[in-house]
Ligand code: GDP
Ligand code: MG
């Protein structure tokens, strides 16, 4: 655990995107290597932490998850406050969740520090046969908006660790 460990940095990273895209399961996979088959909409959870070593420094990642407010687009400015990273998550089988990324990005940029590192994530790549968002569409959007991009599966643990490590390493690089 974190007990008695010297922490060099704490990085706050926020998860945003439509309801049911898999934000909570991505966090469960990263922080606890778990996947909860019948996850209910999260109630009251604020953040989870995971401590890792980057370049010989101890970094505590504090990953914030919404408590279902995204349903009403009612994520508050307190949620974004102090964030140095953001993961914009869509469900690659739900076109609408990708189309909403521009709005989430606008909301994020309206609240967050201008140097925030942002990663676009197309989740549920295990459901490839139901894909509704071509990789190229997401790549193009990410390139235009200057975002990192990857596709993940919280269910099968595909690219989840890599996605978090990429954003945390980039945050470390620019601070
Ligand atoms: P949130 O509302 O964005 O936090 O979404 P959840 O993490 O609660 O996930 C919503 C639903 O999608 C749940 O039924 C999850 O089991 C499911 N889910 C989440 N991630 C994945 C994934 O990578 N693959 C599949 N097939 N289902 C997923
Ligand atoms: Mg959730």
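Just so you know, all these numbers are worked out from the coordinates, no wet-lab data involved. No experiment lies behind these values; they were computed from the predicted model shown. A quick note on method: Cβ atoms are made from the backbone with ideal geometry, for glycine too, and the neighbour counts reach across all protein chains shown.
Take 162-171, 50-59, 80-89 and order them by the average number of nearby Cβ atoms within 10 Å per residue, most first; the result is 80-89, 162-171, 50-59.
Taking the Cβ of each residue in 72, 9 as the centre, tally the other Cβ atoms inside 10 Å and list the residues starting with the fewest.
Numbers: 72 8, 9 15.
With the sparsest Cβ surroundings first, the list reads 72, 9.
Using 0.36 nm per residue and subtracting the Cα-Cα separation, the extra length available between residue 127 and residue 106 on full extension is 4.7 nm. The distance separating the Cα centre of region 152-175 from that of region 81-150 comes to 14 Å.
Taking 30 Å as R0, compute the FRET efficiency from the Cβ-Cβ separation of residue 135 and residue 8 and round it to 0.05.
Computed FRET efficiency for residue 135 and residue 8: 0.25.
Legend: calculated FRET efficiency, residue 157 to residue 72, from the Cβ-Cβ distance at R0 = 45 Å, rounded to 0.05, equals 0.90. Kirkwood radius, the chain, all distinct C-alpha pairs, inverse of mean reciprocal distance: 16.2 Å. Between residue 55 and residue 99, the contour length at 0.36 nm per residue exceeds the alpha carbon distance by 12.2 nm. Modelled label positions at residue 115 and residue 36, each set 7 Å beyond Cα in the direction of Cβ, lie 3.5 nm from each other. The fewest-to-most ranking of 77, 97, 19 by surrounding Cβ atoms within 10 Å reads 77, 19, 97.
With runs of 4+ DSSP H residues as the only contributors, calculate the mean residue ellipticity of the chain at 222 nm using -39,500 (n - 2.57) per run, divided by the residue total and rounded to the nearest 500. Counting only the DSSP helices, I get -9000 deg cm²/dmol. Ranking of 95, 32 by neighbouring Cβ atoms within 10 Å, starting from the fewest: 32, 95. Helix 23-32 and the longest principal axis of the C-alpha atoms of the chain enclose an angle of approximately 40°. Relative contact order of the chain: 25 percent, from C-alpha pairs under 8 Å at least 6 residues apart in sequence. Seen against the Cα atoms of the chain and their longest principal axis, helix 101-111 is set at about 30 degrees.
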